[in-house]
Amino acid sequence: MKFNDELTLLLKARYPIIFINTVEEDRVEYVIRKHIKTSLNRSIYSWDFVDGYTNNPNNEGFAKRNPLQALELVERLTAETPAIFLLKDFNRFLTDISISRKLKNISRILKLQPKTIIIIGSDFNIPKELQDLITVVQFQLPTENEINHELTRLVTSLDINVDSELFESLTQACQGLSLERIRRVLSKIIATHKTIDKNSIGVLLSEKKQIISQTEILEYWSANERITNIGGVEKLKEWLKKRKTSFGLQASNYGLPTPRGLLLVGIQGTGKSLTAKAIATEWQLPLLKLDVGKLFGGIVGESESRLRQMIEVSETLAPCILWIDEIDKAFSNNESNGDSGTSNRVLATFISWLSEKTKPVFVVATANNVNLLPLEIIRKGRFDEIFFLDLPQQQEREQIFKIHIKEFRPNGWSSFDYEKLAQLSESFSGAEIRQSIIEAMYQAFYEQREFTTDDICLALNELIPLAQLETKQTLQLQNWAASGRIRLASSDSIYI
């Protein structure tokens, strides 16, 4: 239900006290005043702790620094006077016994007369004794249409030409920000660059970083990796390419559901985390990393509260990428963890959100050991797809060597024998291949010369890949992938 429709319904039904949970105080007051003026014939009295009542000459300055007196105005007005009392930050005084008692007393008047108290605040904490009296209404951040309207107003007033593709990207980047913050950032962009272009998106995304920094659970990652930096996994790349533009307005108008998420399972070092970063870069969406270690608090109920906070922040900043690294360690199916059921409750809330979320939060979860994952997570419906990232085959290893050597030697990369390197790196992961190049560079630097193919070959012979140390777990993962219950990320996998 839309905010205006829900508010109208509550006012007509004579709900005594309404709490609007928002940080956009000015915007919600503007919306209420505009709506009341066109739909309901009620006077509006606005109060805050410093200035008292304003916008009404008969009560100008009344009840300054006196929240209890602010409630007395409800009784002073005649019973026939339809009115709405906007009390800003009044939720901070609800724990006061005199305020609590006064609200209970005047609630009888509010139920019989066309009067309603609307509390505007951002601290969602209502005392238990008032929960039956107060109805909570969420005031959402600006919608796509509101953001479009604001952007159109700005580019028109400044006579700036913005093409439709950039306009849609700007709208996406603005989602999750308040209207006031959007105006502030756009003013900063205009003042700095004198125009609005594709570079403006980066400024808007950095503004979202300020919101994320206020929580210790989520971390904002400035991802620069690209899909081209990942060797192999062609099927996974193709899957991601088809969904790159699915967060836009055109996809929504087409009726296309927003992608839900991706679970990447595989051997360590095969590029699962790198893929999460590359998705954020390619799709031009903010990347949020969930610190699962901080998710589980020591106080009873704190873990569930932190999970709800994580969900709220990620949905506020949607569309975005939520990266959960090594989810198998966070939600182990080992029931003997001795945490009084906290893990199970957090898991239940998390998978419920995965299934039912409507906000465009694309979850990228990675896992090394599929045996630790509860069946509820890997069941269809939680993620759009589950991909298995195997150890790279020979052709993929050649690509990986080229990618890393190009990074270290952009002018001399063509002099290396990539076929020979790929043959010698059997059972090596992408991360281990990179490490072999670094080892070769250390040796050559020590000898004060340029490193060569032979240096890398020597490093490969000395390094022992993890797959050889943990043969049983590697074979177990590969056999599970071969069973057909998971999609293979590589097109030239040995299982095809």
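Just a few scattered comments:
- Burial ordering of 416, 408, 90, fewest other beta-carbon atoms within 10 Å first: 408, 416, 90
- Neighbour counting of Cβ atoms within 10 Å sorts the residues 291, 132, fewest neighbours leading, into 132, 291.
- Packing-based exposure ordering (other Cβ within 10 Å, fewest first) of 320, 174, 457: 457, 174, 320
- Using only alpha carbons, the stretch 394-463 has a radius of gyration to Kirkwood radius ratio (Rg to Rh) of 0.92.
- Residue 135 long-range amide H proximity, modeled H, under 5 Å: 17, 18, 19
- Most simply put, the chain has about 15% antiparallel DSSP beta bridges, counting only bridges with both residues inside it.
- Cross-link pairs 241/402; 194/406; 88/128 - those with Cα-Cα distance over 30 Å: 194/406
- Two-site label geometry, residue 472 and residue 443: point separation in nm, points 7 Å out along Cα→Cβ: 3.3
- Distance between the 7 Å Cα→Cβ label points at residue 167 and residue 308: 4.0 nm.
- Computed helical MRE - 222 nm, the chain, DSSP H runs ≥ 4 contributing -39500 (n - 2.57), nearest 500: -14500 deg cm²/dmol
- Charge dipole (the chain, unit charges on Cβ, about Cα centre) - positive-most of 386, 372, 70: 70
- Think of the stretch 153-208 as having a plus end and a minus end, set by charges on the Cβ of Lys, Arg, Asp and Glu; of 178, 195, 205, 178 sits farthest toward the positive end of this dipole.
- Angle between the chain longest axis and helix 272-283 axis [Cα atoms, degrees, rounded to 10]: 60
- Cα-based helix-to-principal-axis angle, 144-158 vs the chain, degrees rounded to 10: 90
- Degrees separating the helix 179-193 axis from the principal Cα axis of the chain, which is the longest one: 60
Readers should treat all values here as calculations from the given coordinates under stated rules, not as data from a laboratory. This one's a predicted model, so the numbers in the text were calculated from it and none came from an experiment. Neighbour counts are summed over all protein chains in view; Cβ atoms, including those assigned to glycine, are modelled from backbone coordinates with ideal geometry.
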